[in-house]
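Read the structure below first, then the notes.
The values are calculated or read from the model by the stated rules, or taken from the named source; none is laboratory data. Just so it is clear, the model here is predicted, and its values are computed rather than measured. Here the Cβ is made from the backbone with ideal geometry for all residues, glycine too, and neighbour counts use every protein chain on show. In case anyone asks, the SASA skips ligands and DNA or RNA and just uses the protein heavy atoms, side chains included. Shrake-Rupley method; radii C 1.70, N 1.55, O 1.52, S 1.80 Å.
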Amino acid sequence: MRRALFMFFLLLTLLIAPPAGFAGTPFDDIQSQQASADIEAVYEKGIMVGTGNNKFSPDEFVDRAQLAVCLVKTFDLNLDDLQFIKEPVPADLYDDVEDNLWYSKAAMIIGYKNIFNTVDRKFNPYEVVTRAEAASAIEDSFTAKKLLVVTTMMWPDYIDTTNLTQKQQSDISFVFNTGIMRYTGNEFRPGEKITRAELATILNQTLKTLAVATPAQEAEPGSSLGAGDPAANPPDVNTAAFKEQGDLAFVRQGLLYALDGETGEVKQLTGSGRALQPAWSHDGQWLAYISITGQETDDGNGPLWLVRRDGSQAHQVQGLPQLVRRESFYWSPAANMLAIAMPDGVWLVPSEGEPRRLVQSEGTYHLAWSPDGKSLAYNVTLPSEEPQDRSDALYTIALEGGQPVEQLVAPQAGIQVTAWWPDGKGLLYWLDPLHSASLAADGMGLWSLRLGDAEPKLLNTGLAHKGWLSLSPQGSLLMVTGGGRIVWAKKSLAAMDLASGSVQEFKNPEGSVAIDPSFSPDGSRVAFVAAKGLGDQVWGFNSDEELAAWVATRTLWVQNSDGSGAHPLTAAGTGVCQPIWSEDGNRILYAWDNTLWIIGAEGGQPEKVVELLPAREDLFGFYGYTSCRDFMAWRQP
């Protein structure tokens, strides 16, 4: 056995005060119950009451409405620190919960705490609860209360839980190890319905665990960090190096921070969970991000959150049909409006207000804003009886009163919309043959379509990494070309004129691949990363040392946009990735050794801006690709 800390975090809470306690119970149907002592305990604390006529009805099943009320009382849940634009009502979350019912407020609290799974805005108050669902609700309630529990870590020897999801198995492990739900024999019976007597036992054991749990200490969201700040391991930010360089959002140890380049102030914006993919709003007043709290899967999907740059008005976006995926949400370039690609269509989320579905469609996973923010392009998967025969259509729609306009159909292929032309007259998209993730991982064709034309043009073939495309204001596209999913083989840079489709291929530095391209703001220069080419016979590394040796060959280069004058900025160091130009074209921000650095475009000594991670971690995938989009966002007015 090994010792482990179970960390659980709270984002928001709201609660109904429990009623006054009682001595003893009036129930005449629990004397023969093994759980009679537990029933008396939870009754005395006002957590569970009777069903009328001196009855507790111990053998009746528990529904979601009852469980919600009991959890709110047991964990003292409330929403006191959540700021609402208007007074919240159940209809904000559900279509099947009326206001002012006995469970309405509890259902709303549970919803904002993400304690129950809900689908299609249905709370399903009278749906009976199973053991597996109760286990997850208990674990998620501890998470909501941001509590630390020290216990002996053992994996329960149940033979009927192996087909459950990873989260369900983890939740069952938690309630087993804490003694909240521990059953004799080798079966948990996850699908068995919970009775009121069993729930009383579960809740009484939960109270005992709460008595020994301790709250995690965290800095308050929105607090300013300085030399005397009590937060553990605050980020060491070189504000002078970033002076007058705009605004930088970054994630360190899972927490989201904002650096104001004008004032030098650093704000901690989140206090728990793990923030991913921060994105600045058009005016720089808001940040959107995915929040992972341990309740979601480890694939980076999670609830979408919004927070002001000063840490105020932090709130989870409610009303979306499901969790938000990576690379699926984007701010308008002209307004404080988010567009989100969802399997059921395109959703719009204002910084202040309710989300709405702009258009209903199937299989919509990719979208892009027009440069003026007035239109969106997105994909739709068309109906098909055979999965391998699915075709995608490319659509555009005007936000103000527009109707979807079909631009083209890709027979037996998927469409991944990636960008509009800088002048708004055309679109770029990847073509995914047969909707095959495996084929796409080895490279896809990048196509360009002038709006109104019947035939698109194939520009080149490459990997659909966001950081491997860069557009210039003049209408040129810079991309990494070459098939194969491994980064260290057959990767070169090419520039393409979107209107004509002409292609200019650049020569790589000797013995290297060229990746991570970035146009300067005026389109006159290119920054990129060169790394040692290992050939396509190398498919991985046998040790961390071998990977580190290859990463150490990654260097920062600058050249003119016509390919001339290529030279390394050797002072930038090795292991470089993701260079980004400053708005004035004089400096380049890049990542090196898990830290953000900034260097003059003409060379000179780099300056450290902030360390993203407290200790060295492997940010590179198996095939050598890495991206900083999960950890930072740079806004330049």
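Tabulated data for the structure shown
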quantity	calculated
Range of Cα positions in the range 315-447 per principal axis (Å), largest first	41, 34, 27
Dimensions in Å of the range 256-325 - Rg and Dmax from alpha carbons	12.5, 39
Burial ranking of peptide ranges 474-480, 388-394 (average Cβ count within 10 Å, highest at the top)	474-480, 388-394
Cα-Cα over 26 Å, subset of K73/K267; K45/K86; K490/K608; K425/K490; K457/K490	K73/K267; K45/K86; K490/K608; K425/K490
Projected label distance in nm at A335 and D96, using a 7 Å step from Cα toward the beta-carbon	3.4 nm
The range 68-215, Cα convex hull volume normalised per residue, Å³	122 Å³
Alpha-carbon radius of gyration plus Dmax, which is the widest Cα pair, for the range 445-550 in Å	15.4, 53
Cβ-defined net charge surrounding A200, 9 Å radius [Lys, Arg +1; Asp, Glu -1]	-2
Calculated SAXS-style log₁₀ I(q)/I(0) at q = 0.25, 0.26, 0.27, 0.30 Å⁻¹ - the range 558-613, Debye, Cα scatterers	-1.05, -1.11, -1.18, -1.34
Two-decimal log10 I(q)/I(0) for the range 363-421, as the Debye equation yields it once each C-alpha is a single scatterer, q = 0.22, 0.25 Å⁻¹	-0.82, -0.98
Reciprocal of mean inverse Cα separation for the chain (Kirkwood radius, Å)	27.1 Å
Estimated inter-spin distance, Q504 and E386, nm [label 7 Å along Cα→Cβ]	4.6 nm
Accessible area, probe 1.4 Å, largest first, for residues S375, S448	S375, S448
Whole-Hz ³J(HN,Hα) from phi, Karplus 6.51 cos²θ - 1.76 cosθ + 1.60, for the range 598-605, glycine and proline x	9, 9, x, 5, 8, x, x, 7
Label-to-label distance, nm, for residues given as Q474 and N163 (7 Å Cα→Cβ offset)	6.2 nm
Ellipsoid semi-axes in whole angstrom, largest first, where each is sqrt(5λ) of the Cα gyration tensor of the range 28-143	27, 15, 14
P(r) histogram, all alpha-carbon pairs of the range 87-169 included - 10 Å bins from 0, percent	15, 41, 29, 13, 2
Rg(Cα) / (2.2 N^0.38 Å) computed for the range 436-503, rounded to two decimals	1.14
Positive minus negative residues near L408 (Lys, Arg vs Asp, Glu; Cβ under 10 Å)	-4
Dmax and Rg, reported as Rg then Dmax, of the range 354-513 (C-alpha, Å)	16.2, 54
Solvent-accessible area per residue for the chain (1.4 angstrom probe, square angstrom)	43 Å²
Per-residue SASA entry for F116, accessible area with 1.4 Å probe, Å² rounded to 10	30 Å²
L276, L534, ranked by accessible area, largest first (probe 1.4 Å)	L534, L276
Surface accessible to a 1.4 Å probe, Y365 within the full protein complex, Å²	90 Å²
Computed lengthening from N542 to Q318, 0.36 nm per intervening residue step minus Cα-Cα distance	76.1 nm
The chain - percent relative contact order, Cα under 8 Å, separation 6 or more	9 percent
Stokes-Einstein translational diffusion, the range 79-126 - Kirkwood Rh over all Cα pairs, 1.002 mPa s, 20 °C, in µm²/s	194 µm²/s
